[in-house]
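The structure appears right after this line, and notes come after that.
The values are calculated or read from the model by the stated rules, or taken from the named source; none is laboratory data. Since the model is a prediction, treat every value here as computed from it, not as a measurement. Reconstructed Cβ throughout: ideal geometry from the backbone, glycine too, with neighbour counts over all protein chains shown.
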């Protein structure tokens, strides 16, 4: 089975805005970006399965590819808690530095740590890979940068801190292949 991890396209947000689980709009260039993204993806087969984060920026993209999309809250971006919808520049610099020094284990106030995100994404992965019928040829997961990094680290059994060595651009595609209970990485960040 071919698996495509797809990051959503550009959002209509201010630069430096913390919007992990905030439901923000898409940029005016959305349809153009969808066309560019379609060139990176294959023709989807009739028995492809589509999963998406429930946030609008992912669901709208998923709906461009299929009318049958399953949303799953485990595919949400990191929960920044009290920092959601605030500019990073407006946060207390010392508190922000403490978090960035230990983001893997520390959570923003009333948010979640990257380890928390990795655990929920790992649970999603195990359930979907084990529960997908053998007749499924393609699995398409439309989500966020943090989730894609967490999935790649999970698959490769890397420490969560190493997940940030993966570049995950807006509108990027990452292709995996799952055969005989083993997952191969074909390419990253196309």
**Request:** List the number of the failed condition for residue 110; all other conditions in (1) in contact with a helix residue (DSSP H, G or I) (Cβ under 8 Å, 6 or more places away or on another chain); (2) at positive phi; (3) touching a residue at least 40 places away in the same chain (Cβ under 8 Å) hold.
**Result:** (3)
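With 130, 177 as the choices, which residue is more than 16 Å from the chain's Cα centre (by Cα), closer than 24 Å to residue 38 by Cα and surrounded by fewer than 17 Cβ atoms within 10 Å (Cβ to Cβ)?
Residue meeting the stated conditions: 177.
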**Item:** Selected residue (criterion: farthest from the chain's Cα centre (by Cα)) from residues of region 12-22 that are surrounded by 13 or more Cβ atoms within 10 Å (Cβ to Cβ) and either in a loop (DSSP other than H, G, I, E, B) or without any contact (Cβ under 8 Å) to a residue 12 or more places away in the chain (or both)
**Value:** 13
**Asked** Which condition number does residue 52 fail, the rest of (1) touching a helix residue (DSSP H, G or I) at 6+ places or on another chain (Cβ under 7 Å); (2) surrounded by 12 or more Cβ atoms within 10 Å (Cβ to Cβ); (3) over 30 Å from residue 186 (Cα atoms); (4) in contact (Cβ under 8 Å) with a residue 40 or more places away in the chain being met?
**Response** (3)
**Prompt:** Within region 60-84, how many residues are farther than 30 Å from residue 135 by Cβ and outside any loop (DSSP other than H, G, I, E, B)?
**Reply:** 3
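Matching residues to (1) modelled with pLDDT of 95 or more; (2) part of a loop (DSSP other than H, G, I, E, B):
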residue	(1), (2)
31	yes, no
34	yes, no
46	no, yes
58	yes, no
107	yes, yes
136	no, yes
**Request:** Mind counting the residues in region 85-105 that are out of contact with any strand residue (DSSP E or B) (no Cβ under 6 Å at 6 or more places or on another chain) and either closer than 27 Å to residue 127 by Cα or not in a helix (DSSP H, G or I) (or both)?
**Result:** 7
**Message:** One residue is enough: does region 90-103 have a residue meeting the conditions crowded, with 17+ Cβ neighbours inside 10 Å, under 30 Å from residue 184 (Cβ atoms), under 20 Å from the mean Cα position of the chain (by Cα) and at pLDDT 95 or above?
**Reply:** no
**Message:** Could you tell me how many of the residues in region 74-96 are in contact with a helix residue (DSSP H, G or I) (Cβ under 8 Å, 6 or more places away or on another chain) and free of Cβ contacts under 8 Å to residues at least 24 places away in the same chain?
**Reply:** 1
